[in-house]
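Have a look at the structure below before the remarks.
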Amino acid sequence: MKALPVLVLLLWVCALYFAGIYLFVSGFLLVRLEVNRTSTCGDVLHPAEEPVDFCRVPPRFRRVVLLVIDALKFDFARFDRSNTSPRPYENKLPVLEEAASSRPAHSRLFPFRADPPTTTMQRIKGFTTGSLPTFVDVGNNFASSAILEDNLIHQFGQTGKRLVFMGDDTWESLFPKKFHRSLPFPSFNVKDLHTVDNGILQHLYTTMVGDDWDVLVAHFLGVDHCGHRFGPDHAAMAEKLTQMDGVIRSVMERLQDDTLLVVMGDHGMTDTGDHGGESQKETDAAVFLYSPAPLFPGPPSQSEPGVVPQTDLVPTLALLLGVPIPYSSVGQVLLPLFPPHGQTGGVVGGLSQLEALWINAKQVNRFLETYSSMAEDIPPQSLSQLRAEFSRLSSEYLATVGEGRSPSPELMASLQAYLTSVRDTCRATWAQFNPLKMAAGLSILTLACLVCFISSELSHVLIGDNGPGFKAPVAVTLLAGLCAVVGQLIARGFTEMSWCVAAAAFSSELVFLWRARRARMAGIAKNGSKALKCAGWLMPHRLLTPPLLVALLRCASLLSDSYVIAEGRVVTFLVFSLALYIPIHLNWDHLLLPPSPDPLKSAGLVPPPALSPSTVRKESTTLLSCTGLLIGSVYLSLSFHGCREEQGSCQPSPFLSPLSRLQNSRLKNLHYVLSVVSLGFCTYLLRSCLRHYGNLNSSGGTVLVARCILPLLSVCLGLHWAVSATAEDSFRNLTEFISLAQLALPRAAFCLLGLGLVLIWLDPLTVFVKTRSEYSSRTSTLPPPRYRASTGISPQAELRHLIPQIYQRMRRSLDEGELSAGSEVESGPAVEAYGLGTVYSAPLLLLCGLLGIGLLLLHPEGMALSFFLLLLEMAALLHIHASSTTLSSLQGTFSGGYYVPWTTVVLWSLAATQFFHATGHLPTFPSIQWGAAFVGFPDGHTGTILPASLVTLNTFAAHILFAVACPLLLFWPLVREVRGSRGGEAFGEEGEDAVMEMRLRENPQQFSSALLQLSARYLFIHGAQVFASVCAAAILRRHLMVWKVFAPKLMFEASGFLVSSVFLLVGVTFVLRVDVAVGRWFKRLIPDASR
């Protein structure tokens, strides 16, 4: 078998897709330029006649206490006295309403709106720098690096204020060495509700009564972690919010008149406790402001803002505490905190509303001028309008101050409008794309799809001895990349790697297409009309087949946001429809039922059919039964779908919630029993299949995995579910034991999984061989039947599963042993081989089973039933494919190849997407199941690679399983091969025997070609989906739903393709590893007959 050409070609095709995705994403995802300049006390001038040091002016407040309650949704902060039966998250913070109503001049409660993405790191960055995030920032949430932009923490430190921090350790990585004293606690373990909060409470009150601080930041995480673990509508949320109510009361009692208290949430949460997106439930947090001294001029008025943007906190706190506003802030001061003009006499160091607005406007204008000179991406017309407006406002303000008259309301409104205009302009500017990179990425992806399709249709040419080869494309690729480097150095003085990648990928695609066309024309010239007929694969009638039309329809539908929102159900419908197409198409061709008796056939004038009527009936029954099983599995899988925020009345599946969230003990027990039974059935069916085909008779590593490691892994998983479902307060005496079990059981499962994978790779064969002479040396009685696939099966059934030896010496040995069996046992060295017919599929099947149980470990317990349905659907698809292949042989069109039709490949790829949704996943960031990162690591991680890998494996579990199992589509028709269904001429008189997968070794080139074609077709379907998502994002980049629907869909589709391609290569590489092992086995058995 030609292993290297297959792997090299597949790796190259994947690299082309990766290059196209990389180029498009680099031009599509928004990244703004950071201005690494800082404000100083001399930059911002006090609005007086003579310049003074702004920092030396007495501030309104000397101290500030910033209590950040992570995920403090505004609904949590509201108090409704008329609500007599509140839900667990309602009316649990009465202190906020009590203070706001009883002391309106001292406190206010506002909705606090965050800019998406609503992840903690981006929110901390937003309310400390005052800048706006971009979409690409979401990828940095778990790789927090130090903030380089000017920020409040830096300004507090520069002006000599002593900062004390305690809580979420994200602050420590964002602001390294910025705190006078720091008490960070690990933040990534979302199952831990109390460690961070209790750690803060041990130091918070003692710190407040001391005098060694000016700014105190305490970031509580319990509410956020409670939402992730249990959701907001849970008793644990009521307890945590009640605790926070007591914390706020205690802090308020310890405040002094010169201290400001800010209680705020960084973001909200959905009904399932998640966040990260841009729905109103995720963006609307709460902010509560309080001081023992009067803070507001009076009770709330209509002029006060209904919603406070988070960026507005930055200039407000800066001016209230007497520090410069951070350089890059585009926030607007919160005017109700400043007295009207002329009423500042009773406020020590207080700025009036007009003065605060003027300082804010000067700072924002300075940033605008600096940024526009550096980035040059703000539209000139907008920039000139903003400059003219600020010049007008500056003249009017200076005239008002110089003449000593009261400012007009129009001036105040104009300053606010100017600040709003600058923020809107920056937000629009930072939504600018790089159309050149996007076009380059689209072009490379277009050619990559064409290359992939051609590779699948010309696989026999590419693998052949006279194929186009890889030396020329590799040489051209390197040369084009080098030319791109040199050209950029000459023209621009520096090199951008993306354009080097583009040049290399584009040139290699063109060279491949040119050489593939030459190879095709050479084949036509050599083989004449036969090759010309086979070369018409680009004709419309070959391309517009129903399966490719279904794939094309799905790709086109990705341009619709409604389709993307309802994708789970639509893909389920497409799987259902395409599954029904197979028996309907066979019936249309009169292949589903046995042909009617023909007198010419009985007279011998017409050749008899390839299959007997009984065989046709059996295969048709199998096909229809498996179609019914497939439809049932698809229908039941709808019970495990999640819900998007846009779907309104949709209710997510109860199986998506971990058992620890369920408060009904009966329901919890029922879910646990269903999960364990499903897991047991998966393990039993997998072992039964291997036993049925005689693959559990040897003593190799793979058989050891199937016999021992697989059951042990299932037991560990079941015990882990039982321990995880135990409530924290159920067995107080066993708390330490439960904690140890939560750590040990999943880690033991990971170790068993790793050991199993290593053993399968090192010793993949499941073949057991013995000679008749070995048997006779142990016993003097008559030997058992010559063909034996497994114990407990009749000799007639065993005959179907034991492979008649392909090589002539083995055949002669068997014949000699059979002739002498009744008279002289030791006269012939007959060979018995167990499991040789499934030598490729058996280890691959076991590999998929191990991966499936390992991936199930990363999911909620209820997903075991969904994984069981996935197993049934896989089995049904394989049997449908095998039966349809057998029935198609009635047409007599079998040509000796082993090619998988498009219908099956499209079905297989659609099933992967379908079960992505059926395992509770959605192409949205809030739907990511972050709890997978803590399976086996309840205390969190020290790095980000391992948790990110665990979350990726959880998210794309369906893609992984279907990609690794893809080669089974090539093997399964051979596993279920019916005698005579593939023609007997190729094997002489003994060709009627069902030799199953050993046929593949009779023609290694066809084997390689078929494996390449199957892999290329599978990559083409997934690559076409990525291409469609890229087109949708490019065409609809100004669409209202681009960042809510199309951009997340693109990210998930591209990530899914990356994972699928990697694990498809894993599956193909494993098949090649088995082929090497089979070759060595034959070489040891019969050296002179090995291939």
message: Of the conditions (1) out of contact with any Ser or Thr (no Cβ under 6 Å at 6 or more places or on another chain); (2) closer than 15 Å to Y290 by Cα, R63 satisfies every one except a single condition; which number is it?
response: (1)
- request: Considering every residue within the range 399-420, establish whether at least one is within 26 Å of N36 (Cβ to Cβ) and either free of Cβ contacts under 8 Å to residues at least 40 places away in the same chain or part of a loop (DSSP other than H, G, I, E, B) (or both).
  value: no
field: Residues of the range 553-580 that turn out to be within 16 Å of G632 (Cβ to Cβ) and among the β-branched types (V, I, T), as a count
entry: 2
Search result, residues across the range 294-317 that are open to solvent by 20 Å² or more (accessible area, probe 1.4 Å) and within 38 Å of the chain's Cα centre (by Cα): G306, V307, P309
field: Condition broken by F338, with the remaining ones in (1) open to solvent by less than 10 Å² (accessible area, probe 1.4 Å); (2) at pLDDT 90 or above satisfied
entry: (2)
task: Show the residue pairs that are 6+ apart or on different chains and have beta-carbon atoms under 6 Å apart, the first residue being within the range 544-566 and assigned to a helix (DSSP H, G or I), the second being among the basic types (K, R).
output: V564/K1049; I565/R644
field: Pair list, Cβ < 6 Å and 6+ apart or interchain, from the range 298-310 residues that are in contact (Cβ under 8 Å) with a residue 40 or more places away in the chain to residues that are in a loop (DSSP other than H, G, I, E, B)
entry: P299/P104; Q310/A114
- request: Just give me the residues in the range 120-130 being open to solvent by less than 10 Å² (accessible area, probe 1.4 Å) and in a helix (DSSP H, G or I), in sequence order.
  value: Q122, R123, I124, G126, F127, T128, T129
message: Being surrounded by 20 or more Cβ atoms within 10 Å (Cβ to Cβ) and not charged (D, E, K, R) narrows it down to one residue among P117, P104; which is it?
response: P117
task: Select, from C682, C689, the only residue that is touching a Gly at 6+ places or on another chain (Cβ under 8 Å) and at pLDDT 80 or above.
output: C682
- request: Give the number of residues within the range 564-619 that are modelled with pLDDT of 85 or more and either of a type in the set (S, T, Y) or open to solvent by 70 Å² or more (accessible area, probe 1.4 Å) (or both).
  value: 12
Identity of the residue in the range 1026-1049, charged (D, E, K, R) and in contact (Cβ under 8 Å) with a residue 24 or more places away in the chain, that ends up least open to solvent (accessible area, probe 1.4 Å): K1049
task: For the range 209-225, enumerate the residues that are farther than 30 Å from A933 by Cβ and open to solvent by less than 10 Å² (accessible area, probe 1.4 Å).
output: W213, V215, L216
- request: Could you please find all residues in the range 180-198 being in a loop (DSSP other than H, G, I, E, B) and either charged (D, E, K, R) or without any contact (Cβ under 8 Å) to a residue 24 or more places away in the chain (or both)?
  value: K191, D192
- prompt: For T283, all conditions in the list (1) out of contact with any helix residue (DSSP H, G or I) (no Cβ under 8 Å at 6 or more places or on another chain); (2) open to solvent by less than 30 Å² (accessible area, probe 1.4 Å); (3) at pLDDT below 85 hold save one; what is the number of the exception?
  reply: (3)
- line: Among the residues of the range 484-514, the number that are open to solvent by 30 Å² or more (accessible area, probe 1.4 Å) and among the charged types (D, E, K, R) is 2
- line: Filter the range 376-392 for residues that are surrounded by 12 or more Cβ atoms within 10 Å (Cβ to Cβ) and either among the hydrophobic types (A, V, I, L, M, F, W, C) or touching a strand residue (DSSP E or B) at 6+ places or on another chain (Cβ under 8 Å) (or both); the one that is nearest to P340 (Cα to Cα) is F390
message: Give me the residue from the range 936-963 that is among the β-branched types (V, I, T) and under 26 Å from T924 (Cβ atoms) and, out of that set, most open to solvent (accessible area, probe 1.4 Å).
response: I945
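Here is a yes/no grid of residues against (1) basic (K, R); (2) part of a helix (DSSP H, G or I); (3) within 30 Å of the chain's Cα centre (by Cα):
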site	(1), (2), (3)
I631	no, yes, yes
S660	no, yes, yes
L690	no, yes, no
N695	no, no, no
Test set (1) over 21 Å from F925 (Cβ atoms); (2) modelled with pLDDT of 85 or more; (3) β-branched (V, I, T); (4) surrounded by 18 or more Cβ atoms within 10 Å (Cβ to Cβ) - V1066 fails condition number: (4)
Residue, nearest to A356 (Cα to Cα), within the range 393-429, restricted to residues that are among the β-branched types (V, I, T) and open to solvent by 30 Å² or more (accessible area, probe 1.4 Å): V401
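The values are calculated or read from the model by the stated rules, or taken from the named source; none is laboratory data. Quick caveat: nothing in here was measured; it's all calculated off a predicted structure. Don't worry about glycine lacking a Cβ; one is built from the backbone with ideal geometry, like all the others, and counts go over all protein chains shown. We work out accessible area using only protein heavy atoms, side chains counted, and drop any ligands, DNA or RNA first. Shrake-Rupley method; radii C 1.70, N 1.55, O 1.52, S 1.80 Å.
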